[in-house]
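Below is one structure; the comments refer to it alone.
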Amino acid sequence: GAGGGGGGGSSRKPYLLTTVWLGANDAASNDLQHVPLAEFEARLGGIVDRALLCSRAVVVLTPAPVDSTAWPDRSNAASLAYGRAAARVAAARDGATCFDAHAALLEAGGEDWKAMLTDGLHLSRRGGEAVSRGLLSHIEEHHPDVAPGALKQDAPWWRDLDPKDPAAAVAAFLDGEGGTPGERSAEVAGPAAAADRS
């Protein structure tokens, strides 16, 4: 969003990252699920604003593509319009960004993009993997301070705990006296233990 980078304000917020993925049902043309575009955008803005109160970063995802032959009350034109609204919401807020799941699925699937969906609407395993990979890359690029590789381990590995006194091992770890995570278990169990954790 404006400022991007995953700041969103105080680093003391209880959550590092929140994802918001809405719009597929809102974009449907049926009376039970449809939410008019302007109302969708306003409500999504409220959701993202609330998420930013307690999260350092928020990623808004665009609706996925849809197979309108399987779901005649839905269209890719509507999905794209609701995706543009999601992008506008994220762009208007510091600490929020938008991940284009629609484009990521089309790119991953190529001519066989419908294989990204199980039933023309919901993600297949391949589709879920494509979104997961793309979202992780998006987080690493736009919110590097909350990306998995930037996060410190906040507890010792289970193999580093002394079963007779686990509290002492946790205290030593938190005090920085326990060495790097896994050193003790590597010494005790050998190279297999370290390899098991990677």
Seminar exercise, completed: Once the in-chain neighbours fewer than 8 apart are removed, the lysines whose Cα is under 21 Å from LYS13 read LYS152
Problem set entry | Percent carbon-and-sulfur accessible area, region 11-134, ignoring ligands, DNA and RNA, probe 1.4 Å | 55 percent
Problem set entry | Using θ = phi - 60° and Karplus 6.51 cos²θ - 1.76 cosθ + 1.60, couplings along region 17-28 (whole Hz; Gly, Pro as x) | 8, 10, 10, 10, 10, 9, x, 4, 6, 4, 7, 5
Exercise. Check LEU16: other-chain or 5+ apart residues with amide H under 5 Å from its amide H, H built from backbone geometry?
Worked result: ARG56
Seminar exercise, completed: Counting sequence-distant residues (5 or more places) and residues on other chains, those with an amide H built under 5 Å from that of VAL60 are VAL20, THR97, CYS98, PHE99
Seminar exercise, completed: One finds, for ALA150 and ASP31 with R0 = 41 angstrom and r their Cβ-Cβ distance, a FRET efficiency to the nearest 0.05 of 0.35
Seminar exercise, completed: Karplus ³J(HN,Hα) for region 150-165 (6.51 cos²θ - 1.76 cosθ + 1.60, θ = phi - 60°; Hz, whole; x = Gly/Pro) runs 8, 7, 8, 5, 10, 7, x, 5, 4, 6, 8, 8, 8, x, 7, 8
For this session: Quick one: which residues, 5+ away or cross-chain, put their amide H under 5 Å from the amide H of LEU117? H built at 1.01 Å from N.
Result: SER124
Exercise. With every protein chain present, what is the per residue accessible area of region 1-129 (1.4 Å probe, Å²)?
Worked result: 50 Å²
Exercise. Where the centroid of each part is defined by its Cα atoms, how far is region 110-140 from region 16-93 in Å?
Worked result: 17 Å
Exercise. Quick one: length gained pulling CYS54 to ALA168 fully straight, 0.36 nm per residue minus the C-alpha distance?
Worked result: 37.8 nm
For this session: Read phi for every residue in region 83-93 and hand back ³J(HN,Hα) as whole Hz from Karplus 6.51 cos²θ - 1.76 cosθ + 1.60, θ = phi - 60°, with x for Gly and Pro.
Result: x, 5, 5, 4, 5, 5, 4, 5, 4, 8, 10
Seminar exercise, completed: Classified through the alpha carbon gyration tensor (a ≥ b ≥ c as square roots of its eigenvalues; rounded if a/c is under 1.5, else prolate when a/b is larger than b/c, else oblate), region 109-178 comes out prolate
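The values are calculated or read from the model by the stated rules, or taken from the named source; none is laboratory data. All values reported here derive from a predicted model rather than from experimental measurement. With ideal geometry, Cβ positions are generated from the backbone for all residues, glycine too; neighbour counts draw on all protein chains shown. These accessible areas exclude ligands, DNA and RNA; they are computed on the full protein's heavy atoms, side chains included. Shrake-Rupley method; radii C 1.70, N 1.55, O 1.52, S 1.80 Å.
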